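Colleague: First the structure, then my questions, so here it is.
The values are calculated or read from the model by the stated rules, or taken from the named source; none is laboratory data. It should be emphasised that the depicted structure is a prediction, and the values quoted were computed from it without experimental measurement. Reconstructed Cβ throughout: ideal geometry from the backbone, glycine too, with neighbour counts over all protein chains shown.
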């Protein structure tokens, strides 16, 4: 009959696959490489290494190069129409109520632009899609800003861009 002492276990010291000098007790739950706490990325299913997370994200990026051009053209066009609509609406109503209209219409226009871009790029995802659309909104608002739109244009660009980022950033991966 053999007995084993539970206190006399041997431990092999493992080192992080990425930072060779750091001892590691964690392992990637996908590829089983040893990783240190600095290199470990927490996911809903456990800790993973940078390589596994990067390869997993690459599967979700489906955008083509020409989709960025499409997104820029759609956002420039629709944002230009949106700023004209905002200018028309604030021209009809003056004073405090014009700001209420701006605060109500700008996010709605931004959301509509985001959805139009999503349809135009066939719902493909990309890391810079939201930034391209925001750039389109800002570029289309600049002429109005310099032609006397002032605060109205700034509020429109900020609120429409915020709505776009809220809609598209989660899809950018």
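Colleague: Quick test of your reading of the structure: residue 37 fulfils all but one of (1) more than 30 Å from residue 123 (Cα to Cα); (2) in contact with a helix residue (DSSP H, G or I) (Cβ under 6 Å, 6 or more places away or on another chain). Name the failing condition by number.
Modeller: (2)
Colleague: Of everything in segment 19-37, what is part of a loop (DSSP other than H, G, I, E, B), surrounded by 10 or more Cβ atoms within 10 Å (Cβ to Cβ) and at pLDDT below 85? Give them in sequence order.
Modeller: Hits for segment 19-37 are 19, 22, 25.
Colleague: What's the number of the only condition in (1) in contact with a helix residue (DSSP H, G or I) (Cβ under 6 Å, 6 or more places away or on another chain); (2) surrounded by fewer than 16 Cβ atoms within 10 Å (Cβ to Cβ) that residue 100 fails to meet?
Modeller: For residue 100, the exception is condition (1).
Colleague: Which of (1) part of a helix (DSSP H, G or I); (2) loosely packed, with under 13 Cβ neighbours inside 10 Å; (3) not assigned by TED's automatic domain parsing to the domain that holds residue 114 does residue 84 not meet, given it meets every other one?
Modeller: Among (1) part of a helix (DSSP H, G or I); (2) loosely packed, with under 13 Cβ neighbours inside 10 Å; (3) not assigned by TED's automatic domain parsing to the domain that holds residue 114, residue 84 violates only (3).
Colleague: Filter segment 43-72 down to residues that are in contact (Cβ under 8 Å) with a residue 40 or more places away in the chain and assigned to a helix (DSSP H, G or I) and give me whichever is surrounded by the most Cβ atoms within 10 Å (Cβ to Cβ).
Modeller: To start, the set of residues in segment 43-72 that are in contact (Cβ under 8 Å) with a residue 40 or more places away in the chain comprises 57, 60-64, 67-68, 70-72.
This time we only want the ones that are assigned to a helix (DSSP H, G or I), so: 57, 67-68, 70-72.
Details: 57: 11, 67: 19, 68: 17, 70: 17, 71: 29, 72: 16.
Among those residues, the one meeting the criterion is 71.
Colleague: Under 23 Å from residue 99 (Cα atoms), surrounded by fewer than 23 Cβ atoms within 10 Å (Cβ to Cβ) and modelled with pLDDT under 90: is that true of residue 139 in this structure?
Modeller: Working: under 23 Å from residue 99 (Cα atoms): yes; surrounded by fewer than 23 Cβ atoms within 10 Å (Cβ to Cβ): yes; modelled with pLDDT under 90: no.
Answer is no for this residue.
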